[in-house]
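Working notes, structure below.
The values are calculated or read from the model by the stated rules, or taken from the named source; none is laboratory data. Not measured: the values here are computed from a predicted model. Virtual Cβ from ideal backbone geometry, glycine too; neighbours counted across all protein chains shown.
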Amino acid sequence: MKVISSICELKNCLSGERRKSKTIGLVPTMGALHDGHISLVKRCVEENDICVASLFVNPTQFNNKQDLATYPRTPENDYALLEAARCDYVFAPAEKEMYPEPDTRIFNLGPVAEVMEGAHRPGHFNGVAQIVSKLFDIVEPVKAYFGEKDFQQIAVIRVMVKELNLPVEIVPCPILREASGLAMSSRNMRLTPGQHQKAPLIARTLKESTTFVPGKKVQEVIDYVVNTINKEPVLQVEYFDIVDRNTLQSVKNWEETVDPVGCIAAFCGETRLIDNITYRNK
Ligand code: PAF
């Protein structure tokens with residue numbers, strides 16, 4: 001495994017691989033890797049001749065300075081995990097390498113980017129589009145792998161890929177969960193042991209709420225999820241909505257769409273966690 005921090009060097013290496021007719025897959029990450037990330041890397045290794053993983057905490061997608069400053073960074077551990085997963089290239093650039101000049105591009109990401117995360121984290125998805133488009137431009141992957149914990153992010157990246165006519169297949173990969181059900185996230189590292197015990201209530205409540213369909217109305221399920229989680233003093237729901245899995249717009253009745261998705265953001269102490277679940281309604 002080669003660790004590279006220069007765009008020019010990575011492009012040279014990958015041109016060499018392409019000359020040998022190797023297919024290249026990309027796993028974009030912000031580091032602080034856990035088993036969820038490693039499952040993406042393993043899939044990328046399986047489905048491509050060459051696997052590139054990027055490690056870059058992208059400042060333009062943080063709308064909160066404190067969140068950026070405290071985002072976990074564990075590069076040595078990340079390299080060891082990637083090596084064990086048989087990743088071929090790790091791209092770990094410095095901020096100046098990715099943003100020699102401020103990136104002023106504004107993407108037209110449409111309605112999928114305006115709700116939920118888009119509404120609560122202004123500028124977040126534009127920042128994601130900036131960095132992912134740069135990574136696609138540098139690596140030119142045939143396939144790129146993203147975790148479904150960030151369900152809305154995948155929809156937004158698909159819009160960006162369409163807008164820019166990029167020849168890359170977006171591969172969504174299932175959420176990995178801790179034994180407690182808590183969705184794996186780099187942010188879980190920030191939880192105190194006490195918070196770590198309480199946070200699984202989010203996933204438990206989502207799962208339980210699927211058993212109410214189709215008996216309860218959509219709004220009743222929403223109220224149940226929000227009230228149950230907010231009863232735990234350390235947890236505070238920021239939003240929970242049940243949305244069409246393609247448009248990400250709110251669903252009012254179960255019959256409106258097939259397999260809608262419940263998407264949640266909740267604070268556990270100071271740490272903001274997201275998760276989602278599919279409601280099978282057919
Ligand atoms: O999902 C993430 O970790 C980030 O948003 C991504 C896609 C690596 C872009 O910085």
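Couple of notes before you dig in:
- For the range 82-101, a residue qualifies if it is surrounded by 14 or more Cβ atoms within 10 Å (Cβ to Cβ), more than 12 Å from the ligand (Cβ to nearest atom) and in a helix (DSSP H, G or I), and the qualifying residues are Leu82, Glu97.
- Qualifying positions in the range 107-140 - outside any helix (DSSP H, G or I) and in contact with a Phe, Trp or Tyr (Cβ under 7 Å, 6 or more places away or on another chain): Leu109, Met116
- A count restricted to the range 199-215 and to residues that are buried (at least 18 other Cβ atoms within 10 Å of the Cβ) and in contact (Cβ under 8 Å) with a residue 40 or more places away in the chain stands at 5.
One line per residue, one yes/no per condition, for (1) more than 15 Å from Leu248 (Cβ to Cβ); (2) among the small types (Gly, Ala, Ser); (3) in contact (Cβ under 8 Å) with a residue 60 or more places away in the chain:
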| site | (1), (2), (3) |
| --- | --- |
| Ala53 | yes, yes, no |
| Asn63 | yes, no, yes |
| Glu83 | yes, no, yes |
| Val112 | no, no, yes |
| Lys134 | yes, no, no |
| Glu148 | no, no, yes |
| Gln152 | no, no, yes |
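- Candidates Ser39, Ser54, filtered to the one that is at pLDDT 95 or above, farther than 25 Å from Cys268 by Cα, polar (S, T, N, Q) and within 11 Å of the ligand (Cβ to nearest atom): Ser54
- Checked against the criterion of being more than 16 Å from the ligand (Cβ to nearest atom) and out of contact with any helix residue (DSSP H, G or I) (no Cβ under 9 Å at 6 or more places or on another chain), the range 118-136 has at least one qualifying residue.
- Strands (runs of 3 or more DSSP E) contained entirely in the range 1-81, each with at least 3 residues that are more than 16 Å from Val142 (Cα to Cα): 2-4
- Meets criteria (surrounded by 15 or more Cβ atoms within 10 Å (Cβ to Cβ) and touching a residue at least 60 places away in the same chain (Cβ under 8 Å)) for Val237: no
- Test: Val139 is β-branched (Val, Ile, Thr), closer than 21 Å to Cys44 by Cβ, within 14 Å of the ligand (Cβ to nearest atom) and touching a Leu at 6+ places or on another chain (Cβ under 8 Å): yes
- Sole exception among (1) without any contact (Cβ under 8 Å) to a residue 60 or more places away in the chain; (2) away from the ligand (no atom under 16 Å from the Cβ) for Leu68, by number: (2)
- Considering the range 156-171, and only residues there that are surrounded by fewer than 17 Cβ atoms within 10 Å (Cβ to Cβ) and farther than 16 Å from Thr23 by Cα, the residue that is nearest to the ligand (Cβ to nearest atom) turns out to be Arg158.
- Residue within the range 146-155 that is within 11 Å of the ligand (Cβ to nearest atom) and in contact with a Ser or Thr (Cβ under 9 Å, 6 or more places away or on another chain) present: yes
- The selection criterion, being crowded, with 19+ Cβ neighbours inside 10 Å, out of contact with any Gly (no Cβ under 8 Å at 6 or more places or on another chain) and part of a strand (DSSP E or B), does not hold for Phe151.
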